[in-house]
Amino acid sequence: MKDRRLHKGLRCVAIALNVKDSKSADPFCLLQGIAATCGVPLGDDGSLMPDSCQEANPVFQPPTKRRKLAKGGENKTLGKPDLPLSKPTKCLQDQSDKGAISSAEWQEGRMLDWMLRPCTTQQFIKQHLDQRPIHVSRQKHQHYFDGLLTKADIQQLLKSQQLQYGTNVDVTSYTNGQRINLNYNGSGNTDQLETADASTVMRRFNKESCSVRVLHPQRWVEPVYKLLSMLEDELRSPVGCNAYLTPSSSQGFAPHWDDIDAFVLQVEGSKRWRLYAPDNNADLLPHDSSRDFQEQELGKLLLDVTLHPGDLLYMPRGCIHQAQALPDAHSLHLTVSANQHCSWTDLFELSLPRALQLAGADCIGLRRSLPFDMSQYMGLIHQEEESAQRNNFTTTAQQMLQQVSKHMPLDTAVDRMSVQFVQQRLPPYGLHRREERPDLEVSESSKITLVRPGIAAMTIEDDSVVLYHCLNNPRILHASRPNDVANNESEDEQTDIAPGRLEFDVDYGEVLERILLAHGSKGVSMGKLQRMLDGTDSTVDLFAFIGDLYSEGLIIVQA
């Protein structure tokens, strides 16, 4: 009976995988076919063939669970049929009765829905993200973005904070096809970092038609910090912001593209935006920002639109743009940025080096010597030639790369990106690491929940489980590059706050994983955590472990 069930099960799996000879009466032949289809060919003796590749077991392996595919049974995020910026821009009218964000939306963290209304987040991801711009007009709600930032707020920032040219503020103008930076107080530019003088900056704004760009206003402006922090909670990736104050009839920047997805929130005044597609498909969704372009270099016009207060404009990275304030008044807008260096390329940059190490250790073929005569048919001087030797060499290389791809440690790479995000993001709005908490009381029935999803990331380092969290992250360093902290921040902005990092023995891995998944109604009981450890050789002190997480402010313990 068991043999018949086994044979029937193997046949069903073979048919599902389109295995050749799936109707074979020999169970072992079916097993060999399934294994070959999965890239791990078996020899006739049942052992792995010499050149087959098996990834070495990691120190800690979380429980393997088959994850459900998205509706439709396939990954919808890959290979979208249309090129970015090939579809016409979508223009929407927000005719809803809803105005400024409600307390419920703040509480539920639905910031993207609020920004994009009437387009929903799901519609945006499916129809616009990476694909085409979207313009939302809000003639009924011109006060939609009131309270985020004002011209008066920027003037006060310049007076009260030690904003440095080039790091915290830029003063620019763009006339006759030339952009000029005026990041200095005196009569000439210097190589020294200089604190911006408020009266000089505003004189250039009022008298010389210069634009003022405040970089990272979330560091000082509470409503902007709240918005960005909650967007980071929602998107689980870094979100940035710059503020642009432009005099009437003026333009501060040359046409260019950015390496970020931009959400333009028009706060005060009006501004005309012109968007263009790059001429070369290689420049679509670029990894880096562009140089400044001349007018004659601009390609196809995608959109010519004027934003008024309350309006929103989304531009995928790589969309060339320029903007000019209208004659009647100054313009103030916020550019909220997302998806900087969050592409498949960035994931593979993290995973490929380790994949080469694993594949090189497990695959004999990758360790074989290169042909002695390869320089006689490979290299730049031979790239236009066609020969059997070149074809064989490139075919072999492609086969080798397929072996490398089977060893991609994608989970590890995603963990590394998650850790980077947790280290770089804003501290979550409303959570304070050092607030006093009542003494911990815990029993077997106590329920453990994470204080908020996405505030921590776990990884394996050497023989330890390391937990990184963002509760200690200082606002004043948000969006800083590594050298900015040491070189560009003033002494008043320096911080000695320890980074959020806890290190535990690897035995704590599965328990910590379960707690990180426990938030809201998905809390886990102490009894269940203890049962996970029962029957193992683990030396985990569960109560001390929970105490460490509680003291760090990461969990809520309910009796």
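The values are calculated or read from the model by the stated rules, or taken from the named source; none is laboratory data. Note that the structure is predicted; figures quoted are calculated from it, not measured. Counting neighbours? That spans all protein chains shown, and the Cβs are built from the backbone with ideal geometry, glycine included. Protein only, heavy atoms only, side chains kept; ligands, DNA and RNA dropped before computing areas. Shrake-Rupley method; radii C 1.70, N 1.55, O 1.52, S 1.80 Å.
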Taking region 216-261 and keeping only residues that are modelled with pLDDT under 95 and at positive phi, one is left with Arg236
Over region 422-460, the set of residues among the polar types (S, T, N, Q) and either in contact with a Phe, Trp or Tyr (Cβ under 9 Å, 6 or more places away or on another chain) or open to solvent by 30 Å² or more (accessible area, probe 1.4 Å) (or both) is Gln423, Gln424, Ser443, Ser445, Thr459
Taking the criterion of being open to solvent by less than 50 Å² (accessible area, probe 1.4 Å), under 20 Å from Ala100 (Cα atoms) and of a type in the set (A, V, I, L, M), would at least one residue in region 209-223 satisfy it?
yes
Condition set open to solvent by 50 Å² or more (accessible area, probe 1.4 Å) and in a loop (DSSP other than H, G, I, E, B), scope region 139-166, selection farthest from Val214 (Cα to Cα): answer is Lys140
Among residues of region 255-273 being out of contact with any Pro (no Cβ under 8 Å at 6 or more places or on another chain) and not in a strand (DSSP E or B), the residue least open to solvent (accessible area, probe 1.4 Å) is Pro255
Ala282 passes all but one of the listed conditions (1) assigned to a helix (DSSP H, G or I); (2) in contact with a Pro (Cβ under 9 Å, 6 or more places away or on another chain); the exception is number (2)
Only one of Ser248, Ser229 is over 25 Å from Ser480 (Cα atoms) and not in a strand (DSSP E or B), namely Ser248
Picked from region 236-249 (must be surrounded by 22 or more Cβ atoms within 10 Å (Cβ to Cβ) and over 22 Å from the mean Cα position of the chain (by Cα)), the residue farthest from Gln424 (Cα to Cα) is Pro247
All conditions in (1) within 30 Å of Ile125 (Cβ to Cβ); (2) touching a residue at least 40 places away in the same chain (Cβ under 8 Å) are true of Pro327 except (1)
query: Yes or no: Val419 open to solvent by less than 70 Å² (accessible area, probe 1.4 Å) and in a helix (DSSP H, G or I)?
result: yes
Scanning region 274-302 for residues that are of a type in the set (Asp, Glu) and open to solvent by 60 Å² or more (accessible area, probe 1.4 Å), the one modelled with the lowest pLDDT turns out to be Asp279
Counting only residues in region 122-150 that are among the polar types (S, T, N, Q) and in contact (Cβ under 8 Å) with a residue 24 or more places away in the chain, the one farthest from Pro453 (Cα to Cα) is identified as Gln139
Checked pairs for region 93-110, first free of Cβ contacts under 8 Å to residues at least 60 places away in the same chain, second in a helix (DSSP H, G or I) and open to solvent by 80 Å² or more (accessible area, probe 1.4 Å), C-beta under 9 Å and 6 or more apart or across chains, list as none
Scanning region 347-357 residue by residue, those touching a residue at least 60 places away in the same chain (Cβ under 8 Å), surrounded by 16 or more Cβ atoms within 10 Å (Cβ to Cβ) and of a type outside the set (Gly, Ala, Ser) turn out to be Leu347, Leu350
Just one listed residue, out of Glu552, Glu513, Glu503, is closer than 17 Å to Arg452 by Cα, modelled with pLDDT of 90 or more and open to solvent by 40 Å² or more (accessible area, probe 1.4 Å), and it is Glu513
